[in-house]
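Asker: The structure follows.
The values are calculated or read from the model by the stated rules, or taken from the named source; none is laboratory data. On a predicted model such as this, the values are computed, not experimentally measured, just so you know. A quick note on method: Cβ atoms are made from the backbone with ideal geometry, for glycine too, and the neighbour counts reach across all protein chains shown. In case anyone asks, the SASA skips ligands and DNA or RNA and just uses the protein heavy atoms, side chains included. Shrake-Rupley method; radii C 1.70, N 1.55, O 1.52, S 1.80 Å.
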Amino acid sequence: MKKKILFAVTSHNQKGNTGQPTGYYLSEVSHPWEVLRQAGYEIDFVSPQGGTPPVDGLDLSDAVNRKFWEDKDGRAKIDASLRPDQVRAQDYVAIFYAGGHGAMWDLAEDTGLSSLAAAIYENKGIVSAVCHGPAGLVNIRLSDGSYLISGKAINAFTNEEEIAVNMDKVVPFSLESKLIEIGAKFEKSGPWQTHVTVDSRVVTGQNPQSAHAVGQAIKEQLNQLGL
C-alpha cells in the first residue's frame, strides 16, 4: 500500500478587490506532485471548501504542468478535492501547502487544515509549503499551545517579491512579516531565486522557482525518516 501525502490548495479565486482571478499556482502543485509520485507516494488533495479549486498560472508550455493537467488520476483528485473534515490525519506522512495568491485569503484562517497539519506533525510526519503556501502555517499550534513555526528556520514569498508583483497593498497581510512576528527565523534569497529551508520536519520554499526543489526536499526528509 502506497504511503500518502496530502496537498492543500486554496479555494479563494480573487485577488482582494482587484477583480483579478487567482487560485492555486499550477506549477507549485505539478512539480512537487511529479517528484513525489515518481518516488511512489499517493497524493490526495484538500481545500477549505472542497470540490474543484480555482487554478492560476495555467502554463501548459511547462512540460510538468502539462503532464499533471493531462493526468487523469491527478486531475480527478484535485478537481474533487476533499474538505478538511473529510480527511484523517493519521492516513498521511506529510502535508504540503501549495501557493498561489489565493492562499493568502483562506489557508491561514482554516482551522480544519491547521488541525490536520498539527496532527500530521505530531505523528512524526512532515509539514511543508511553497511560495504563498506558508500562509497556511501561521496559525498552526501544537498540543502544547506553541506555534509550529516558532523558533524554526522558515522560507516563503518575500516582501521584495510581493512588491515586485504589485501585490503588497492587496494581500491581507505580509507573509514574511507575519512569519517573523510569530517567531520564525526567516531565511530568503534574492527575488525569483530557488531557496528551500528544512528545519525539524518543516520544509518551506520561497517562490514558484523553488517548487521542484521543495518536492525533492520532502522526499529526502521522508526517506531519512523511513516514511
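Asker: Short version: what are the Cα gyration tensor semi-axes of region 45-177, square root of 5 times each eigenvalue, largest first, in whole Å? Working shown, then result.
Answerer: On the way: eigenvalues 110, 94, 33 Å².
Gyration-tensor ellipsoid for region 45-177: 23, 22, 13 Å.
Asker: Residue separation times 0.36 nm, minus the C-alpha to C-alpha distance between Met1 and Glu187: what's the value? It would help to have the intermediate numbers written out before the result.
Answerer: Values: separation 186, 0.36 × 186 = 66.96 nm, distance 3.68 nm.
Contour length minus Cα-Cα distance gives 63.3 nm.
Asker: May I ask you to derive the FRET efficiency for Asp199 and Asn123 from their Cβ-Cβ distance with R0 = 30 Å, giving the value to the nearest 0.05?
Answerer: Numbers: r = 18 Å, r/R0 = 0.61.
Between Asp199 and Asn123 the formula returns 0.95.
Asker: Another question, if that's okay. Could you do me a favour and compute the accessible area per residue for region 1-107, 1.4 Å probe, result in Å²? Provide the component values of the computation, followed by the final result.
Answerer: Details: 4590 Å² over 107 residues.
On a per-residue basis, region 1-107 sits at 43 Å².
Asker: Moving on to the next point. Using 1/(1 + (r/R0)^6) with R0 = 25 angstrom and r between the beta carbons of Asp73 and Asn223, what's the FRET efficiency to the nearest 0.05? Write down the numbers at each step before the final one.
Answerer: On the way: r = 23 Å, r/R0 = 0.94.
So, using R0 = 25 Å, E works out to roughly 0.60.
Asker: Between exposed chymotrypsin sites (Phe, Trp or Tyr not before Pro) in the chain, where DSSP calls loop and at most 16 other Cβ atoms lie within 10 Å, what's the longest gap? Kindly include the intermediate steps, with their values, before the conclusion.
Answerer: Working: sites that count: Phe173, Trp192.
So the longest stretch without any such site is 1-172.
Asker: Sticking with this structure for a sec: In terms of Cα to Cα distance under 26 Å, which lysines are near enough to Lys188, apart from those fewer than 8 places away along the same chain?
Answerer: Partners found: Lys15, Lys152, Lys169, Lys178, Lys219.
Asker: Show me the trypsin sites (Lys or Arg not before Pro) within region 153-226 that DSSP assigns to loop and that have at most 16 other Cβ atoms within 10 Å of their Cβ. All intermediate terms of the calculation are to be shown ahead of the outcome.
Answerer: On the way: sites: Lys169, Lys178, Lys185, Lys188, Arg201, Lys219; in loops: Lys169, Lys188, Arg201.
Hits after loop and neighbour filter: Lys169.
Asker: Here is a further query. Please list, by residue number, everything in region 162-178 whose backbone N is under 12 Å from a paramagnetic label point 7 Å out along Cα→Cβ of Gln20.
Answerer: Taking a point 7 Å out along Cα→Cβ of Gln20, the residues of region 162-178 whose backbone N falls under 12 Å are 162-171.
Asker: Quick one: length gained pulling Leu142 to Val165 fully straight, 0.36 nm per residue minus the C-alpha distance? Before the final figure, lay out the partial values.
Answerer: Numbers: separation 23, 0.36 × 23 = 8.28 nm, distance 3.36 nm.
Roughly 4.9 nm would be gained on extension.
Asker: Show me the GluC sites (Glu not before Pro) within region 1-71 that DSSP assigns to loop and that have at most 13 other Cβ atoms within 10 Å of their Cβ.
Answerer: On the way: sites: Glu28, Glu34, Glu42, Glu70; in loops: Glu70.
Of the GluC sites (Glu not before Pro), the ones in loops of region 1-71 whose Cβ has at most 13 other Cβ atoms within 10 Å are Glu70.
Asker: At 1.4 Å probe size, with every protein chain present, just tell me what the per residue accessible area of region 128-227 comes to in Å².
Answerer: Details: 4080 Å² over 100 residues.
About 41 Å² of surface per residue is accessible.
Asker: Let me ask something additional. So, with a 1.4 angstrom probe, what is the percent of accessible area on region 106-203 that is carbon and sulfur? Please report the intermediate quantities before stating the final value.
Answerer: Values: 1880 of 3960 Å².
Ligands and nucleic acids excluded, carbon and sulfur reach 48 percent.
Asker: Assuming a ≥ b ≥ c are the square roots of the Cα gyration tensor eigenvalues, decide whether region 30-79 counts as rounded (a/c under 1.5), prolate (otherwise, with a/b larger than b/c) or oblate. The partial results should precede the final answer.
Answerer: Values: a/c = 1.92, a/b = 1.12, b/c = 1.72.
Oblate.
Asker: Can you give me the C-alpha center-to-center distance between region 143-193 and region 71-85, rounded to a whole angstrom?
Answerer: Cα centroid of region 143-193 versus Cα centroid of region 71-85: 28 Å apart.
Asker: Note down the relative contact order for the chain as a percent, whole number, built from C-alpha pairs under 8 angstrom at least six residues apart. The partial results should precede the final answer.
Answerer: On the way: 529 pairs, mean separation 48.7, N = 227.
Result for the chain is 21 percent.
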